[in-house]
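The structure appears below as structure tokens.
The values are calculated or read from the model by the stated rules, or taken from the named source; none is laboratory data. The model shown is predicted, which means the values in this text are computed figures rather than measured ones. Virtual Cβ from ideal backbone geometry, glycine too; neighbours counted across all protein chains shown. When the accessible area is computed, the model is the full protein with side chains, heavy atoms only, and any ligands, DNA or RNA have been set aside. Shrake-Rupley method; radii C 1.70, N 1.55, O 1.52, S 1.80 Å.
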Amino acid sequence: MSTARVLAVDDRRENLVALAAILEGMPIELVSVTSGEDALKRLLSEDYAVILLDAHMPGMDGFETAGHVKQRERTRHIPILFLTAADYDPHLAFRGYQAGAVDYITKPFDPWVLRSKVAVFVDLWTLQTELAAQASQVGQLRAAIDDALAALDTAGDGPATAVERARGRLEQARSSVS
């Protein structure tokens with residue numbers, strides 16, 4: 001199974017360095033970018049467990065970036081945590097939630113709270129990934145059973161041959177999911 005990726009988006013490199021320090025030691029791959037445009041490019045080809053998104057950036061701000069993330073079928077399920085240096089403003093927080101954020105955190109924030117929130121989304125991503133793999137295995141087993149039943153139904157070569165064909169297909173399926 002692959003390592004969960006966390007996408008950190010902030011126009012200030014020192015903030016990205018601070019996030020890396022806060023998340024150090026967690027079982028994640030932290031990917032840092034400095035613009036909303038770069039974040040959207042990364043999201044075209046890579047999956048992420050959570051996005052840590054600065055609300056205020058030049059060019060495409062965090063709110064616009066989140067809007068694009070939530071419009072895409074491939075990325076709309078990724079949780080977004082807004083991080084902002086601005087004092088708490090309920091209107092901006094509301095705007096963040098409207099854009100699809102699961103949380104809106106103002107700086108300074110408790111690093112342990114951020115680590116806990118990221119850990120929850122990483123755990124959810126891990127469980128979702130494991131569930132998808134199990135669903136794929138169930139599909140493979142279901143297809144193997146269908147093949148084996150079809151082999152038994154077409155027992156033109158005799159029952160013993162049909163049983164051997166069915167047994168072979170089921171053994172193949174068993175070894176592919178083990």
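Kindly provide the set of residues from the range 37-53 that are of a type outside the set (A, V, I, L, M) and open to solvent by 10 Å² or more (accessible area, probe 1.4 Å), ordered by number.
Once the filter is applied, which keeps residues that are of a type outside the set (A, V, I, L, M) and open to solvent by 10 Å² or more (accessible area, probe 1.4 Å), the range 37-53 yields 37, 38, 41, 42, 45, 46, 47.
Taking residue 74 as the residue in question, decide whether it is at pLDDT 95 or above and surrounded by fewer than 17 Cβ atoms within 10 Å (Cβ to Cβ).
Against the criterion (at pLDDT 95 or above and surrounded by fewer than 17 Cβ atoms within 10 Å (Cβ to Cβ)), residue 74 does not qualify.
If residue 8 satisfies all but one of (1) among the hydrophobic types (A, V, I, L, M, F, W, C); (2) out of contact with any Ser or Thr (no Cβ under 6 Å at 6 or more places or on another chain); (3) not in a helix (DSSP H, G or I), what's the number of the condition it fails?
(2)
For the range 88-96, state whether one or more residues are assigned to a loop (DSSP other than H, G, I, E, B), surrounded by fewer than 17 Cβ atoms within 10 Å (Cβ to Cβ), of a type in the set (Ser, Thr, Tyr) and in contact with a Ser or Thr (Cβ under 9 Å, 6 or more places away or on another chain).
For the range 88-96, residues assigned to a loop (DSSP other than H, G, I, E, B), surrounded by fewer than 17 Cβ atoms within 10 Å (Cβ to Cβ), of a type in the set (Ser, Thr, Tyr) and in contact with a Ser or Thr (Cβ under 9 Å, 6 or more places away or on another chain): present.
Given (1) among the β-branched types (Val, Ile, Thr); (2) closer than 16 Å to residue 5 by Cβ; (3) without any contact (Cβ under 8 Å) to a residue 24 or more places away in the chain, identify the lone condition not met by residue 102.
The single condition residue 102 does not satisfy is (2).
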